[in-house]
Amino acid sequence: MTEFDPTPASDDTQRRWQTGTDTFGRVYDIVLGIASPTAYTEIASLADCSPNAAKKHLDRLTAMGIARAERDSRPATYERNEGYLEWQEASRIATELPVETIIDRVEALEAQRREYESRFQARDPTTIDVFDHDSHDTIHERMTAVSEWQGVIRDIRLYELARQLSQNDGHLIPA
């Protein structure tokens, strides 16, 4: 049996970086792809640039609200700002769907949320202990339901933000 090698067999990734994307673009792409705080030196390595260049662009992305920084750690770490990604998604929804469709979707999502609240006799899915049953199938079913409930809450947030953007010409509050 052969071992899995996570390194690509070809140089395609590096060539893509060199031919089509400047340093800022590479750092931006890496930041959007990381899911936890990552040292700027590691981001530099992934983006195929110097640590100084990575730090400069990461500070710029932080100022733009795209990344978040923890400068007290050594070396400084950065991670994507989930709020930025939600804003992008809400903006896309507001652009692609009519406001009436967005409002209908929020109402449907709110009904789903109420069903979960009733089913679990709770208002917050994070308070549910999914492991308080002996049956593996019941635990799995509850884990799935709680995960879906959390997704409904996230979607309500996105669609409500999209509604506000759509009704206020791209602004959160009326101009």
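The values are calculated or read from the model by the stated rules, or taken from the named source; none is laboratory data. Note that this is a predicted model, so its numbers are computed, not measured. Neighbour counts are summed over all protein chains in view; Cβ atoms, including those assigned to glycine, are modelled from backbone coordinates with ideal geometry.
Values computed for the structure shown
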read-out	value
Selected residue [within 18 Å of VAL152 (Cα to Cα) and not in a helix (DSSP H, G or I)] from ALA108, ALA122	ALA122
Identity of the residue in region 132-147, among the small types (Gly, Ala, Ser) and surrounded by fewer than 14 Cβ atoms within 10 Å (Cβ to Cβ), that ends up modelled with the lowest pLDDT	SER135
Candidates ARG142, ARG157, filtered to the one that is in contact (Cβ under 8 Å) with a residue 60 or more places away in the chain and either over 24 Å from GLN88 (Cβ atoms) or of a type in the set (D, E, K, R) (or both)	ARG157
Near pairs, Cβ below 6 angstrom, 6+ apart or cross-chain, from region 106-125 (over 13 Å from GLN150 (Cα atoms)) to any residue that is exposed (fewer than 11 other Cβ atoms within 10 Å of the Cβ) and aromatic (Phe, Trp, Tyr)	none
Among (1) crowded, with 17+ Cβ neighbours inside 10 Å; (2) assigned to a helix (DSSP H, G or I); (3) touching a helix residue (DSSP H, G or I) at 6+ places or on another chain (Cβ under 6 Å) - the single one GLN150 does not satisfy	(1)
Subset of region 125-147 [assigned to a loop (DSSP other than H, G, I, E, B) and charged (D, E, K, R)]	ASP129, ASP132, ASP134
